[in-house]
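The values are calculated or read from the model by the stated rules, or taken from the named source; none is laboratory data. Every value quoted in this text rests on a predicted model; they were computed, and no experiment measured them. Note that we place each Cβ from the backbone using ideal geometry, even for glycine, and neighbour counts take in every protein chain shown.
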Amino acid sequence: MASISSSYNPREIDNTEDMPGRRAPLITGNQTYTSVTEMVCRVAEDPQPRLWWILFGMASLTASMFLMLIGFLIYKGVGIWGNSSPVFWAWPIVNFVFWVGIGHAGTLISAILFLFRQNWRTSINRAAEAMTIFAVICAGIYPGIHVGRAWLAFWLLPYPSLNLWMWPQFRSPLLWDVFAVGTYASTSLVFWYMGMIPDLATYRDRSKSPFRRFIYGLLCLGWTGSSRHWLVYEKAYTLLAALAAPLVLSVHTVVSFDFAVSQLPGWHTTIFPPYFVAGAIFSGFAMVVTLLVPMRAIYKLENLITLRHLDNMNKIILATGSLVGLAYGTEFFMAWYSQNQYESFTFINRAFGPYWWAYWIMVTCNVISPQLFWFKWMRTNVVAMWIVSIFVNIGMWFERFVITVTSLSRDFLPSSWGYYRPTLFDGLMFFGSFGVFMTLFLLFCRYLPTIAISEVKGVMSASDHAGHLEAEVLAELQGKDPKHAGHAH
Amino acid sequence: MNNNEHNVKSNKEPRPPKACGWMAEFENEHDLLHAAEKVRDAGYTKTDAFTPFPVHGIDHALGIKPTILPFIVLCAGLTGLCTALLMQWWMNGVDYKYIISGKPFGITPASIPVSFELTILFSAFTSVLGMLALNGLPKFSNPVFTNAKFDRATNDRFFLYVDATDKYYNRESVKELLSSVHANSLDEVIEDSTPSELPRWILLGALLIVLAGLIPAAIVLNMRASFSDLPRWHVFFDMDFQPKKKPQQTTTIFKDGRTMRPQVPGTISRGQLDQQDPFYLGYDPLKVKTTSIDGEKQIYVSTGDSVANVSAISPAVQPPAGTPASGTPASGTPASGTPASGATPALPFLEKLPIEANEENIKLGKAKYEIYCSACHGYSGFGDGLVSKRAASLAQDTWTPPSSLHLDRIQKQPVGQIFHTISKGQGKMASYASSITPQERWSIVLYVRALQRSRNANIEDVPVDQRGSLTAPAPSQTK
């Protein structure tokens with residue numbers, strides 16, 4: 001079975017074709033339930049390829065460096081960063097928004113695409129959700145260590161403090177952020193975990209070693225696949241999707257409030273919430289492509305994560321990239337249309353001021369590079385899309401840099417203008433967060449189901465037997481007992 | 001599992017296996033659905049199907065009722081909403097009001113984000129936990145796990161199960177029914193023979209871990225409830241300890257070991273620029289010089305080329321008050337002095353009045369003298385004021401009679417010293433600096449000089465055109 005499923009020829013079946021009336025298969029290679037299980041479980045059961053060990057070694061070293069740098073930061077203080085008047089919100093906040101933005105793709109794929117019945121999501125949602133959790137972990141680190149006395153970061157929470165005798169200020173967007181990111185992280189985590197329960201049971205039941213069986217048995221909570229359980233499970237999944245869909249949109253909205261509720265030119269705009277959400281989805285999908293393109297090649301998952309999946313994601317990247325470009329244009333239009341001299345100055349300063357290079361990197365990567373996805377050749381070429389996705393990641397980091405640093409470095413009073421320069425610690429700590437992210441993602445590939453096996457099987461079933469369901473619906477319309485119609489079929 | 005094997009061995013009398021029901025295996029979901037319908041139609045209700053993915057229509061085929069989970073989640077969501085609103089209203093509107101730009105307290109549009117997030121948070125966790133609770137999970141021991149075939153239930157096989165507790169259950173008839181539905185195989189599910197109680201070593205281990213886990217909490221609670229003389233134990237120093245010196249501490253940085261540094265000589269505090277002006281002091285502070293001998297500041301006064309030791313106190317230029325009025329050597333000639341202990345500070349007093357000697361100032365001085373000075377010193381300056389006379393009549397030895405301003409040593413005092421005496425006091429005499437302005441004090445000095453002059457005047461002092469108005473023109477009388 002394994003030999004069949006791993007023999008992948010990308011041009012054998014072109015499932016990227018969208019013909020009206022015909023439904024292209026979601027997964028290729030004449031898969032059966034058995035082969036799908038085999039293909040996914042093999043990722044965790046087989047010895048990891050040499051490349052995994054190389055990547056894991058590099059990633060865990062980088063992550064260790066990051067942890068040591070955090071220790072040094074706590075010991076020495078935030079003065080090791082380049083944050084200085086007037087730019088006190090520098091890379092830590094840029095990195096926070098960057099990672100939170102990336103963390104939007106997973107729950108968007110699992111929740112919003114689920115509600116829209118986009119069945120192609122089933123092959124990619126698990127990895128995207130995992131990526132979301134890990135990105136949010138990276139994001140959460142930055143505000144945590146940026147507060148200065150990181151060991152008192154729990155003061156952000158409303159708890160009855162014996163030291164302070166006071167409560168948080170609920171009118172502050174920074175507090176909303178604590179609640180939004182906290183809710184998003186925890187809800188995404190339980191969503192991810194709940195989705196994994198049936199697949200962890202699959203892992204348990206295929207385990208050869210008693211220890212492995214014991215661990216996966218604990219993790220899957222004794223899941224049997226009972227239909228009575230499935231019914232409640234599916235309802236819970238639908239509810240979670242319905243709850244997570246507005247949550248996804250709210251998180252980056254609240255993150256944008258951190259900026260938009262202030263009065264700084266370039267931040268104080270009503271366009272920020274939709275603009276940030278579009279940017280977040282954009283960057284998140286780019287990161288999913290960045291991760292999945294190598295993953296499907298390394299683990300030979302091309303039949304499950306097909307070109308059609310990548311094609312669809314690239315279409316979303318194109319749409320959201322164009323939305324982001326529209327937002328950039330709208331900002332300039334509003335700066336001119338409002339006839340507000342500070343607003344006009346800010347945007348001219350962004351494009352032609354001391355940070356012009358950052359602005360034009362942002363425009364090139366975010367607005368121009370995704371336009372290549374108008375061409376189907378680009379959308380279905382894995383190397384090309386991987387390069388574009390890297391560009392988008394770079395561009396979206398620069399977007400947050402441009403927003404944060406250009407507005408802060410030159411505000412109303414020219415006498416307090418400045419030019420922000422990062423230190424070596426800024427760079428190493430940003431690089432280090434990728435180590436944490438990659439370490440967690442590699443461990444995820446190694447130990448947890450990277451593809452939602454049960455969901456893929458459910459979609460296989462529905463597409464294979466669409467006629468069966470149609471007959472039932474027809475029979476119901478004609479007043480017959482649907483199960484007899486099903487029998488007849 | 002290791003534990004199970006261990007248990008089986010340790011359990012001396014395993015219970016006899018008990019049949020729980022029949023389990024039929026199917027190749028695909030359609031066979032399962034048909035079989036499920038048959039079983040349902042036969043009247044069995046304690047049935048279940050085990051599938052690798054949710055099979056559509058199985059709820060209908062098995063007669064499973066819809067779940068109440070959505071209503072539970074709705075309640076949880078509303079609870080989250082109310083919690084968020086109450087929390088924000090109470091924390092920011094009642095218990096700790098933040099006054100910011102006059103914005104209203106309690107529930108405002110700014111409460112929306114947190115309320116929204118908590119609604120989602122409560123609902124989401126209730127969805128997951130409610131799903132687990134309604135499904136009776138986690139449940140690690142299950143009779144269906146006793147058959148290795150069942151491992152494929154999460155892979156590629158579909159199982160139909162009829163439980164022995166069903167009211168129509170009959171071992172043979174169920175077997176016959178399930179044999180007729182084209183099942184791959186049919187097995188009787190045997191109860192899990194694993195003992196349900198945990199082995200003792202696990203319980204002991206768990207107990208030890210729990211007890212060990214309570215130790216830190218117990219220490220913390222004990223510390224909160226008890227008193228200790230020891231200083232607080234700091235995990236993080238915060239701002240309690242800083243690399244800095246506080247008042248009254250010692251240091252090795254300075255030779256004198258003091259952390260509080262004295263002012264540099266000539267330092268003037270803000271708002272006290274007049275402390276440098278002879279007009280306010282009666283002497284010229286720039287002529288006061290200090291040196292340091294053995295870490296102790298010594299004040300020296302330089303008048304011309306001679307130097308005299310003034311005092312050994314603070315370098316701030318403050319002449320010591322309370323020097324006895326008696327025994328004060330004449331000032332203005334410090335060079336001649338070999339100052340004995342308790343000697344009057346020989347400051348560089350002004351010799352010339354800083355104000356003009358005109359009629360207006362004389363009148364001002366006279367008025368102020370008669371208000372402040374005459375009570376003791378008398379209207380003519382002989383030290384015979386009413387207070388002085390009354391005190392003398394009481395004959396108390398605590399009273400020091402005021403000096404006559406016509407004493408030779410006072411007549412020889414420079415004007416600055418008289419000003420200084422008014423300002424700082426002398427002997428029993430208090431300071432009048434707070435009552436009499438510098439201008440008025442100089443006017444008093446002018447008036448005192450006039451009084452002294454009046455006791456030692458001769459005819460040459462009277463202007464020529466007014467000599468005729470004197471009633472006793474005999475020149476011999478004047479001196």
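The table for this structure:
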item: Unique residue being in contact with a Ser or Thr (Cβ under 6 Å, 6 or more places away or on another chain), in contact (Cβ under 8 Å) with a residue 24 or more places away in the chain, assigned by TED's automatic domain parsing to the domain that holds A:F431 and not acidic (D, E) when the list is A:I109, A:I102, A:I137; result: A:I102
item: Scan of segment B:41-66 for residues that are more than 10 Å from chain A (Cβ to nearest Cβ), in contact with a helix residue (DSSP H, G or I) (Cβ under 8 Å, 6 or more places away or on another chain) and of a type in the set (G, A, S), ordered by number; result: B:A42, B:G63
item: Flag for A:P160 being more than 25 Å from the chain's Cα centre (by Cα), in a loop (DSSP other than H, G, I, E, B) and at the interface with chain B (Cβ under 8 Å from one of its Cβ atoms); result: no
item: Only listed residue being buried (at least 19 other Cβ atoms within 10 Å of the Cβ), more than 9 Å from every other protein chain (Cβ to nearest Cβ) and in contact with an Asp or Glu (Cβ under 7 Å, 6 or more places away or on another chain), chosen from A:V248, A:V255; result: A:V255
item: Hits in segment A:286-333 (condition: among the basic types (K, R) and part of a helix (DSSP H, G or I)); result: A:R296, A:R308, A:K315
item: Lone qualifier among B:V114, B:V181, B:V174, B:V128 - being touching a Leu at 6+ places or on another chain (Cβ under 9 Å), more than 7 Å from chain A (Cβ to nearest Cβ), crowded, with 17+ Cβ neighbours inside 10 Å and among the β-branched types (V, I, T); result: B:V181
item: Lone qualifier among A:L51, A:L67, A:L113 - being within 27 Å of A:P198 (Cα to Cα) and aliphatic (A, V, I, L, M); result: A:L113
item: Yes/no for B:L230 being out of contact with any helix residue (DSSP H, G or I) (no Cβ under 6 Å at 6 or more places or on another chain) and surrounded by 10 or more Cβ atoms within 10 Å (Cβ to Cβ); result: no
item: Index of the failed condition, A:L73 passing every other in (1) under 27 Å from the mean Cα position of the chain (by Cα); (2) assigned by TED's automatic domain parsing to the domain that holds A:L440; result: (1)
item: Among residues of segment A:115-156, those that are farther than 17 Å from A:S188 by Cβ, assigned to a loop (DSSP other than H, G, I, E, B) and either hydrophobic (A, V, I, L, M, F, W, C) or more than 23 Å from the chain's Cα centre (by Cα) (or both), counted; result: 4
item: Pairs where the first residue, in segment B:250-274, is farther than 30 Å from B:Q439 by Cβ and the second is aromatic (F, W, Y) and in a loop (DSSP other than H, G, I, E, B), C-beta under 9 Å, 6+ apart; result: B:R261/B:F254
item: Residue match in segment A:225-233 (condition: in contact (Cβ under 8 Å) with a residue 12 or more places away in the chain, farther than 29 Å from A:F276 by Cβ and not in a helix (DSSP H, G or I)); result: yes
item: All positions within segment B:94-111 that are surrounded by 14 or more Cβ atoms within 10 Å (Cβ to Cβ) and either without any contact (Cβ under 8 Å) to a residue 12 or more places away in the chain or at the interface with chain A (Cβ under 7 Å from one of its Cβ atoms) (or both); result: B:Y96, B:Y98, B:T108, B:A110, B:S111
item: Test: residue in segment A:181-194 that is free of Cβ contacts under 8 Å to residues at least 40 places away in the same chain, of a type in the set (G, A, S) and assigned to a helix (DSSP H, G or I); result: yes
item: Failed item, numbered, when A:F214 is tested on (1) crowded, with 20+ Cβ neighbours inside 10 Å; (2) among the aromatic types (F, W, Y); (3) within 30 Å of B:L32 (Cα to Cα); result: (1)
item: Qualifying positions in segment B:142-159 - more than 7 Å from chain A (Cβ to nearest Cβ) and either closer than 30 Å to B:A76 by Cα or part of a helix (DSSP H, G or I) (or both); result: B:P143, B:F145, B:T146, B:A148, B:K149, B:F150, B:R152
item: Qualifying residues in segment A:163-174 (those that are surrounded by fewer than 23 Cβ atoms within 10 Å (Cβ to Cβ) and at the interface with chain B (Cβ under 7 Å from one of its Cβ atoms)) - the one farthest from B:F105 (Cα to Cα); result: A:M166
item: Hey, A:Y275 over 30 Å from A:W336 (Cβ atoms), in a helix (DSSP H, G or I) and either of a type in the set (F, W, Y) or more than 10 Å from every other protein chain (Cβ to nearest Cβ) (or both) or not; result: no
